[in-house]
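Nothing in this text is a laboratory measurement; each read-out follows from the coordinates by a stated rule. Note that the structure is predicted; figures quoted are calculated from it, not measured. Cβ coordinates were reconstructed from backbone atoms using ideal geometry, including for glycine residues, and neighbour counts include every protein chain displayed.
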Amino acid sequence: MPRAAIFRPSHTLDTASEQSFRMTDLNYVKVEWDGEIAVVTIDRQDKLNALNADVVGELGEVFSNLREDDEVRGVILTGAGNKAFVAGADIGELATMNSVTGVKVSRDGQDVFRAIELFPKPVLAAVGGYALGGGCELALACHLRIASERAQFGLPEVGLGIIPGYGGTIRLARLIGLGRAIELTLTGDTVKAERAHEIGLVSKVVQGDSLLDEAKALLRRITSKGPVAVRMALESIYRGLDTPTGEALGFESAMFGLLASTDDMREGMHAFLEKRKPDFKGR
Ligand code: COA
């Protein structure tokens with residue numbers, strides 16, 4: 001697949017709507033910028049934004065492009081329309097798989113979701129409707145999640161004779177605990193936004209029409225911090241999930257030491273001592 005070009009709009013354009021544009025060679029994923037935040041929207045509304053192979057491929061392209069954009073300090077991932085974040089992997093496509101293509105479908109999705117999880121800047125899922133199956137797994141791969149009161153989460157795969165194949169059997173238990181994850185995965189039950197909040201699946205529940213504004217406000221609380229520190233914190237947290245404690249602590253110390261060599265650390269500490277706001281440069 002040819003690499004999708006992201007033509008970031010000129011910074012001389014000053015309103016969010018002027019800065020909005022659709023990447024020319026992508027059909028289902030739209031990117032808009034609002035200052036240092038990129039808003040990535042999955043837009044396949046006639047199928048409730050279900051993830052077919054093209055959507056998964058386009059998401060991979062977009063995140064790989066945004067990774068290289070130094071001016072992007074955080075990403076919001078959302079679904080178009082007010083009905084769904086993403087209603088799952090595309091069941092029409094899944095119905096045609098065999099045991100060989102099934103592995104590929106799962107690996108392709110896992111690779112893109114892993115790239116999101118390892119994305120070096122914070123990624124926040126803004127969930128405004130159904131986040132089922134692959135949609136729930138996509139939200140789980142993001143670093144943070146907020147929901148509108150219309151959101152519903154669930155892993156209905158066992159009802160289709162499959163299991164979650166985009167990391168859901170791993171990430172849900174890490175986030176909400178083993179017992180709750182097993183119950184949700186084996187029953188296929190969905191939970192509404194308030195319950196999702198109670199069990200730690202989302203950080204916050206907000207009114208539907210303020211979802212994007214609330215998402216930006218939360219993300220800006222993070223992008224105002226030292227970008228290198230934010231990146232290292234994410235790295236250390238995720239490294240800690242996969243490594244023995246001693247090794248993970250060693251990695252944390254190495255990151256801590258590395259940050260002592262950054263301009264941002266000096267700026268952050270001087271700003272505190274001088275009672276002013278820091279002006280981080282990301283280096
Ligand atoms: N894959 C493919 N198409 C999907 C889809 C999915 N995961 N989820 C929804 N759609 C399609 C529907 O087939 C329908 O298409 P059509 O208009 O061409 O028939 C369209 O999106 C609208 O969905 P519909 O079922 O009519 O909406 P609803 O409001 O009655 O129900 C849901 C909404 C989310 C409850 C229902 O669509 C659903 O259960 N979807 C599947 C969820 C799922 O099992 N996901 C995990 C997949 S592994």
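Taking one quarter of the surface of the C-alpha convex hull of region 61-183 gives a mean projected area of 8.1 nm².
Remark: MET255, MET97, MET269, MET232 ranked as MET269, MET97, MET255, MET232, counting other beta-carbon atoms within 10 Å and listing the fewest first. Put in line by how crowded their Cβ is, counting other Cβ atoms within 10 Å and starting with the fewest, THR96, THR41 read THR96, THR41.
Stretched out straight at 0.36 nm per residue, the stretch from ASP213 to PHE251 would grow longer than its current Cα-Cα span by 10.1 nm. Pick out which of ALA139, ALA233, ALA38 has the largest mean-square fluctuation in a Gaussian network model of the chain, springs linking Cα atoms closer than 10 Å. Result: ALA233 has the largest fluctuation of those listed. Net length available on complete extension from ILE163 to ARG239 is 24.8 nm, with 0.36 nm assigned per residue and the Cα-Cα distance removed. Defining a contact as two alpha carbons under 8 Å apart and six or more residues distant in sequence, what relative contact order in percent does region 3-223 show? Relative contact order of region 3-223: 17 percent. Taking only the Cα atoms of region 163-275, the radius of gyration and Dmax are 18.6, 56 Å. Taking H as built 1.01 Å from N, whose amide H comes closer than 5 Å to the amide H of LYS225, not counting residues under 5 places away? Amide H to amide H, under 5 Å and 5 or more residues apart or across chains, LYS225 pairs with nothing.
Using the Kirkwood radius over Cα pairs, work out the Stokes-Einstein diffusion coefficient for the chain at 37 °C and 0.692 mPa s, in µm²/s as a whole number.
The estimated diffusion coefficient comes to 166 µm²/s.
For region 227-273, the calculated P(r) over all alpha carbon pairs, in 5 Å bins from 0 to the bin holding the longest distance, is 5, 23, 26, 19, 14, 9, 4, 1 percent. Annotation: average projected area of region 178-227 is 4.9 square nanometres, based on the convex hull of Cα atoms across all directions. From the alpha carbon centroid of region 62-96 to that of region 107-134 is 7 Å. A simple packing score, the average count of other Cβ atoms within 10 Å per residue, orders the peptides 215-221, 55-61, 238-244 as 55-61, 215-221, 238-244, with the highest score first.
Taking ASP108, ASP213, ASP43 as the candidate residues, the one with maximal mean-square fluctuation in a Gaussian network model of the chain, Cα springs under 10 Å, is ASP213. Looking at the chain, the DSSP beta bridges with both ends there are about 30 percent antiparallel.
Per residue, the chain reaches -14000 deg cm²/dmol at 222 nm when only DSSP H runs of four or more residues are counted, each adding -39500 (n - 2.57).
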